[in-house]
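What follows is a single structure, written as C-alpha cells, with notes after it.
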Amino acid sequence: MRGILAFALFLFATSAMAHDAPSGWSYDPYCCNGDSKTGDCEMIPSRTVTVIPGGYRITLYPGDHRYVTHAHIFTLPQRKTMRSPDGAYHLCLFPDENTPRCFYAPDMAY
C-alpha cells in the first residue's frame, strides 16, 4: 500500500511540474500544462507586444505561438503580468488559444 501511495504522489508531482523556457528557467506550474513541445507556454516575438497605459496589448497571428490558428488581440493588465527572467515575452494559453492564462514580460526601463 505504501508503495502505491508513493508512486501516486510521484505521478502527481511530475505531472504538476512545469517545463522550461528556452533560456532554462521554469514556467510557473499554474501557468504551464505539457512539455516544451506540446505545452501551452512559449516565448512570443517582441513585435507582438505593445505597452499601453496600465498593461500590454498582445497581437498574435498563426506562427507567433504554437496554439494560435487565427488572429488574436489580448489586453492584459500590468498587475497580472509576471516577471520574465530572460528579458523576453512569454505567453501561456490555456485551456485554448482564446484564453491567456499567464503572461511574462521583462522589466521595464524608465
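The values are calculated or read from the model by the stated rules, or taken from the named source; none is laboratory data. Just so you know, these numbers come straight off a predicted model, no measurement behind them. Note: ideal-geometry Cβ built from the backbone for every residue, glycine included; neighbour counts use all protein chains shown. The protein model used for the area step is the full one, side chains on, heavy atoms only, and it has no ligands, DNA or RNA in it. Shrake-Rupley method; radii C 1.70, N 1.55, O 1.52, S 1.80 Å.
Restricting to the range 14-42, name every residue that is in contact with a Ser or Thr (Cβ under 7 Å, 6 or more places away or on another chain) and at pLDDT 90 or above.
Going through the range 14-42, the residues in contact with a Ser or Thr (Cβ under 7 Å, 6 or more places away or on another chain) turn out to be 18-20.
Hits for the range 14-42: nothing passes.
From the list Arg47, Arg101, Arg66, Arg57, pick out the single residue that is within 15 Å of His19 (Cβ to Cβ), free of Cβ contacts under 8 Å to residues at least 40 places away in the same chain, open to solvent by 50 Å² or more (accessible area, probe 1.4 Å) and charged (D, E, K, R).
Only one candidate qualifies: Arg66.
Of all residues in the range 31-44, count the ones that are exposed (fewer than 13 other Cβ atoms within 10 Å of the Cβ) and touching a residue at least 60 places away in the same chain (Cβ under 8 Å).
0
Working only within the range 69-98, note down all residues that are surrounded by fewer than 13 Cβ atoms within 10 Å (Cβ to Cβ) and closer than 17 Å to Cys32 by Cα.
Passing the criteria: Lys80, Arg83, Pro95, Asp96, Asn98.
Looking at (1) without any contact (Cβ under 8 Å) to a residue 24 or more places away in the chain; (2) not in a loop (DSSP other than H, G, I, E, B), find the lone condition where His90 falls short.
(1)
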